[in-house]
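In what follows, a single structure is set out as C-alpha cells and then discussed.
The values are calculated or read from the model by the stated rules, or taken from the named source; none is laboratory data. These figures come from a predicted structure and were not determined experimentally. Heads up, the Cβs are rebuilt from the backbone with ideal geometry, glycines too, and the neighbour counts pull from every protein chain shown.
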2 protein chains.
Amino acid sequence: MRQAGRYLPEYRETRAKAGSFLNLCYSPALAEEVTLQPIRRYGFDASILFSDILVVPDGLGQTVGFKEGEGPVLDPITTPEGLDKLDLSRVVKHLEPVYETVKRLTKSLPEETTLIGFAGAPWTVATYMVGGRGSPDQGAAKAWAYKEPQEFQRLIDILTDATILHLSAQVDAGVEVLQIFDTWAGSLPETQFRKFAIEPVKRIVSSLKAKYPHVPVIGFPRGAGPLVLDYIKETGIQGVSLDTGMSLTWAADEVQKLACVQGNLDPLLLVAGGGEMRNAINNILKTLEKRPFIFNLGHGIVPQTPPEHVAELVKLVRNYGK
Amino acid sequence: MRQAGRYLPEYRETRAKAGSFLNLCYSPALAEEVTLQPIRRYGFDASILFSDILVVPDGLGQTVGFKEGEGPVLDPITTPEGLDKLDLSRVVKHLEPVYETVKRLTKSLPEETTLIGFAGAPWTVATYMVGGRGSPDQGAAKAWAYKEPQEFQRLIDILTDATILHLSAQVDAGVEVLQIFDTWAGSLPETQFRKFAIEPVKRIVSSLKAKYPHVPVIGFPRGAGPLVLDYIKETGIQGVSLDTGMSLTWAADEVQKLACVQGNLDPLLLVAGGGEMRNAINNILKTLEKRPFIFNLGHGIVPQTPPEHVAELVKLVRNYGK
C-alpha cells in the first residue's frame, strides 16, 4: 500500500518543491526521496515506489491533472475517437522518469529492503479515464461498459497492453515485486468482474510471468468478496491484498490456501491509535500467522495519520510472538 | 429497494408539491401517492414504503435536512453530550405521519401487493449522525468508534432501541415484511462488523420476532462479502439482499441454503438497458431460481433510469421460463 504521503512532514516539504503532483512523480530525485522517507523512519521490510496509477493514461496521451484537495482530473474519454488518440508507443518513453526513479532506488534503498513496483488494474484506471475523476459509483465507466461493451473492451485492451509495458519497464529498471491495484473491482457484477477485472489481470500476469518468472505479482481486487478466490486462481497472482472489510477468519480458511495474503488493518484504525488499533493488529497477526502472510493496511495510509501510530504499529508487529 | 424516485415524472410532480424532502416523508397523502406510483406503473409483487432511513435521527431530535443535489445534512453528533440530547421517547410520536402513511397504504394498495416497511441499520444511520453527511469512508463515525468505542456503542444502542420502536410501529400500522438497510456494513473490519453490524441487528430481529413472529425480516449488509453468512446465521433474518458485486454462483452455493435471497441487478445496468441488461437479468434468474429468491436490484434505483427499462425488466422476469 501507499507508504509515502502527506502524513509525513518531510513528504510535505518535498511535495512543496515539486509544483504539481505529476511533477513529483516525474522528478526522479524527488520521487526517490519521498519513496525513501518512510523507509528511513520506519525500516519497513519492503518499499513501494512513489508513483500514481494515473501515470499510465498520462503516458498514453490523455490529459491528466491533480487538483489540490479534489484529486485527479482528466479529460474524459467516452468515444471510439477518444480511444484512437491513445498511443501505446509513447507510454514507456513518457514514463522514463519513473524507471529512472526505480534505478536510483535500487542503489539508495537498504539492501534488505524489497522494492515493489505497481500499476492500477485496467478496470480501475478506466473508471478515471472515462469519468474524468473519482466517483462513488463508477457510473461513467459502467455506462460505457454496459451500453457499448465492445468499445469499452477496446479501452480495457489498450490499458492491459500499456500496463504490461509499464510493469515490464519497472522490472527492467529493478523492482523485485509487482502489485496491481484494482480499487473498484468490487462494484462490478460477477459477469463484468470476470470480463473486466479477472481477464485483463490474467493477461498481464501471464505476460509478465513469461518474461520474469522470478517476480511475484500481488493483486488487490478491493471489495471482491468471495470472488477473490476465482481472482487468484484465474489470474495466477502469488499474493493478494485483503481490503479492510474482508473477513480474516474466512481469509485464513479459504484465501491463504491459494496465495500469500497481505492486509488488512483499517487505515482509520491507524489514525485513531490506542487500544482498538492494538487489538486489531494483534487479531490480524493471530488469525493469519499460520500461513504465508505480510502485515499491511487494508488500503492506503491517509493524510491525518499520526506518524507515531505507524511507529507503534511497526514495533507491535516486529515484537509479535517474542 | 427504493422503487419511487426522480426517474418517474409523476414522482417529480408530487415531490414539487411537498416543499422539503422530509415534508414529503411526513405528509401521509403525498408519501402514500409516491409509494403507489411505481406499483401503478409496473405492478410489482411488493411495494416498499416511501420514507428515509434518516427519519430515525430526526425522530430522536437531531436536526436533519436534505440539500438538493447534495443529500442529507445533519448537525453532527460527536460527543456524549450530543447523545444526551437524543430522546427515545419522542421517536414514535414524531414519526406518526409515517405510520399514518402505512395505514393508508394497507387500504390503497392492491390486495395481492405485499407492503414492506424498513429502517436503516444502526451502524449506517450512525455514519450520517456522526459525519453530518454521506462520506466515502465513513471516517467520522469510524474515528469515534475506534477512539471511544464505549461512547460510540451508546449511540448504537440508542439507535437499536429507536429502530425497534420504529419498525414495531410500522408493523402495528400494517406493513407485512421489514427490511433493514446496512449500506455501509462492508467498510467495517470483521471485529467491528460483528459488534456494530451483526449485534444490533440481532437484537432488533429478536425483539421483533418475539412480538411479530409472522413478519419476515430482510437484511442488507452491503459489501459484507463472505461475512454475509455469519450475518444471516447470527441475526436470524429470513431474507437477505445481495449487493451488485456479490458473486451469484457463490450465493447460490452458500447463501441460498441459509435464507431467501434477493438481488442483485446493478442499477446502472437498468440505466443502460439493452443486451447487457437482458443478459444480466437472465443470468440472475438462471443462477438463483432453484431456491427461494426475489428478483431485485443490487441497490436503489437511480434518477437517470429510463422508466421503459423498468417495464422491460418486469416483463422479462414475469415471462422467464414461460
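Kindly indicate whether any position in segment B:232-244 is surrounded by fewer than 22 Cβ atoms within 10 Å (Cβ to Cβ) and within 14 Å of chain A (Cβ to nearest Cβ).
yes
Of all residues in segment A:163-175 being β-branched (Val, Ile, Thr) and either within 14 Å of another protein chain (Cβ to nearest Cβ) or touching a residue at least 60 places away in the same chain (Cβ under 8 Å) (or both), which is farthest from A:TYR146 (Cα to Cα)?
Per the criteria, the residue is A:VAL175.
May I ask you to verify whether B:TYR128 is in contact with a helix residue (DSSP H, G or I) (Cβ under 6 Å, 6 or more places away or on another chain), modelled with pLDDT of 95 or more, of a type in the set (Ser, Thr, Tyr) and part of a helix (DSSP H, G or I)?
When the stated conditions are applied, B:TYR128 does not pass them.
Do you know which residues across segment B:155-189 are farther than 17 Å from B:THR124 by Cβ and part of a helix (DSSP H, G or I)?
Those that are farther than 17 Å from B:THR124 by Cβ and part of a helix (DSSP H, G or I): B:LEU165, B:SER168, B:ALA169, B:GLN170, B:VAL171, B:ASP172, B:ALA173.
Only residues that are farther than 14 Å from A:PRO80 by Cβ and either in contact with an Asp or Glu (Cβ under 8 Å, 6 or more places away or on another chain) or within 14 Å of another protein chain (Cβ to nearest Cβ) (or both): list them for segment A:146-162, please.
Within segment A:146-162, just A:TYR146 meets the criteria.
Give just the number: which of (1) surrounded by 21 or more Cβ atoms within 10 Å (Cβ to Cβ); (2) closer than 24 Å to A:THR160 by Cβ; (3) small (Gly, Ala, Ser) does A:ALA31 not satisfy?
Just one mismatch for A:ALA31, condition (2).
Restricted to segment B:32-87, and to residues that are under 16 Å from the mean Cα position of the chain (by Cα) and assigned to a helix (DSSP H, G or I), which residue is farthest from B:GLU176 (Cα to Cα)?
Taking the candidates together, the pick is B:PRO57.
May I ask you to say which residue of A:VAL255, A:VAL302 is of a type in the set (A, V, I, L, M, F, W, C), over 19 Å from B:PHE193 (Cβ atoms) and within 11 Å of chain B (Cβ to nearest Cβ)?
Just one listed residue meets the conditions, A:VAL302.
Output the residues belonging to segment B:278-299 that are more than 10 Å from chain A (Cβ to nearest Cβ), more than 22 Å from the chain's Cα centre (by Cα) and not aliphatic (A, V, I, L, M).
Correct list: B:ARG278, B:ASN282, B:LYS286, B:GLU289, B:LYS290, B:ARG291.
Could we say that B:ALA259 is without any contact (Cβ under 8 Å) to a residue 24 or more places away in the chain, over 19 Å from B:ARG41 (Cβ atoms) and among the hydrophobic types (A, V, I, L, M, F, W, C) here?
Criteria not met by B:ALA259.
Does B:LYS195 qualify as being more than 9 Å from chain A (Cβ to nearest Cβ), surrounded by fewer than 19 Cβ atoms within 10 Å (Cβ to Cβ) and over 30 Å from A:LYS286 (Cβ atoms)?
It is false that B:LYS195 is more than 9 Å from chain A (Cβ to nearest Cβ), surrounded by fewer than 19 Cβ atoms within 10 Å (Cβ to Cβ) and over 30 Å from A:LYS286 (Cβ atoms).
Are there any pairs, at least 6 apart or on different chains, whose C-beta atoms fall under 9 Å, with the first in segment B:265-277 and more than 7 Å from chain A (Cβ to nearest Cβ) and under 17 Å from B:PHE295 (Cβ atoms) and the second in a helix (DSSP H, G or I) and of a type in the set (Lys, Arg), and if so, which?
Correct list of pairs: B:GLY273/A:LYS147.
Here's the yes/no breakdown for (1) crowded, with 21+ Cβ neighbours inside 10 Å; (2) touching a residue at least 60 places away in the same chain (Cβ under 8 Å):
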position	(1), (2)
A:ALA121	yes, yes
A:ALA143	no, no
A:VAL177	no, yes
A:PHE181	yes, yes
A:THR191	no, no
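Take B:ILE180 and decide whether it is away from chain A (no Cβ under 12 Å) and farther than 22 Å from B:THR35 by Cβ.
Judged against the criteria, B:ILE180 is not a match.
Which of the following residues is buried (at least 18 other Cβ atoms within 10 Å of the Cβ), away from chain B (no Cβ under 14 Å) and basic (Lys, Arg): A:ARG203, A:ARG222?
A:ARG203
Based on what the data block shows, is B:LEU115 in contact (Cβ under 8 Å) with a residue 24 or more places away in the chain, out of contact with any Phe, Trp or Tyr (no Cβ under 9 Å at 6 or more places or on another chain) and closer than 30 Å to B:ALA46 by Cα?
So B:LEU115 fits the description; yes.
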